[in-house]
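Computed from the coordinates by the stated procedures, all read-outs in this text should not be read as laboratory data. Just so we're clear, the structure is a prediction, and the values are computed from it rather than from any experiment. All Cβ positions, glycine included, derive from the backbone under ideal geometry; neighbour counts span all protein chains shown.
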Amino acid sequence: MNLELTGKVVLVSGGAKGIGEAITRTFAAEGAIPCILGRNPAESDRLVAELRAAGRQADAFACELTREEDVRAAVAAALAKYGRIDGVVNNAGVNDGVGLRAPVADFRASLEKNIVHCFVLVQACLDQLIAHRGFVINIGTKCATTGQGGTSGYVAAKGAMDALTREWALDLAPHGVRVNCVIPAEVMTPLYERWLAKRPDPAAARARIEATIPFGQRITTAQEIASTVVFTASPRASHTTGQILYVDGGYTHLDRACTAR
C-alpha cells in the first residue's frame, strides 16, 4: 500500500532510539523525510547516516527539548532547509519516577520533560501544519489510563497529552490538520531490555508480564507502534482524528485475569 508520504517533512522528537528510532525508520522507508529533534547528536547522526547510506532521506536538528528557544530554533532550521513541515510526532519523554513525595520543583520539571515541549513544538510548527493540512501524532502511555504508582509527574503529563490530542484535533479540524495519539504499553526496546536485565530472574519476569497480555501473550514490538503511527499520519487515515489508539495486545482494556488463568 502506498501511504502517500513521499517528500513529507516530519519532525520526530526523540527519534533516534527505541520507539522513536522505529518511527524514524518507518517514515524514511515510506519516502518521507523524518527529522530527528533531540539532545544527543551522536545518536541522531548515526541513524541519519545509516538511512542515507541505504538511499533513504532523513535529517537531525540538535536541541534541548526543555528549552523553548532550542525547539523554535530547530524548527526554523528544518523549515529553512526543506521549505515545509508536514507533520510532528511528539515522541520524546521519560518515565522519571517523580512521585507524590518528590519536591514540587521535580514535579514541574517532569511536566517540562514530558508535555510542555510538545506544546512548544506544535505551536512552533502550527502555521506550517495548517498550510499543508498536516498531522500531529502524540505518543502517550497506558499509565495515563491505568496509573502506575510512584510516577505522578509522568502520568500527569501523559494524561494531559490524551486531553490535548482531543483539544488540538478540535481546534485544528477546520484547517484540515489531524491529531491523534498512539498508546504503547509493554514495548520491547533497548531501555525495556535493560530494565528486564536488572530483575533477579529476567526470564521469569518477562514471562509474568507476557502472561498478562491477552493477544498473543507477548510484548509489543517497537515496529508495531511505528507502523500504527505512520499509517495514522498518512492520507490513508484521512478521516481519523482525535483518537487515542492503543497498540498493546489488549493489555490496557481487556481482562488480563482471563489470560493469566
message: How large are Rg and Dmax for region 189-252 when calculated on the C-alpha trace, in angstrom?
response: 14.9, 47
task: Give the cross-link partners of LYS8 among the lysines, using a straight C-alpha distance below 17 Å as the criterion and excluding same-chain residues fewer than 8 apart.
output: LYS81
message: Can you tell me what percent of all Cα-Cα pairs in the chain are more than 35 Å apart?
response: 13
message: Report the Cα centroid-to-centroid distance between region 134-181 and region 58-118 in angstrom, as an integer.
response: 14
task: Beta carbons within 10 angstrom, averaged per residue: use that to sort the peptides 103-109, 120-126, 169-175, highest first.
output: 120-126, 169-175, 103-109
message: Counting other C-beta atoms within 10 Å, and keeping those with at most 14, which DSSP coil chymotrypsin sites (Phe, Trp or Tyr not before Pro) do you find in region 214-261?
response: PHE215
field: Eligible lysines near LYS158 by straight Cα distance, threshold 21 Å, same-chain separation 8 or greater
entry: LYS17, LYS113, LYS142
field: Residues TRP195, TRP168 arranged by fewest to most Cβ contacts within 10 Å
entry: TRP195, TRP168
- prompt: Using Cα atoms only, what is the angle between the long axis of helix 152-172 and the major principal axis of the chain, expressed in degrees (0 to 90) to the nearest 10?
  reply: 40
Whole-Hz couplings from phi, Karplus 6.51/-1.76/1.60, listed for region 55-63; x for Gly and Pro: x, 8, 9, 6, 7, 8, 10, 5, 6
- prompt: So how much slack lies between SER238 and ALA42, counting 0.36 nm per residue of separation and subtracting their Cα-Cα distance, in nm?
  reply: 67.0 nm
message: How long are the semi-axes of the equivalent ellipsoid of region 136-261, taking √(5λ) for every eigenvalue λ of the Cα gyration tensor, in whole Å from largest down?
response: 29, 16, 13
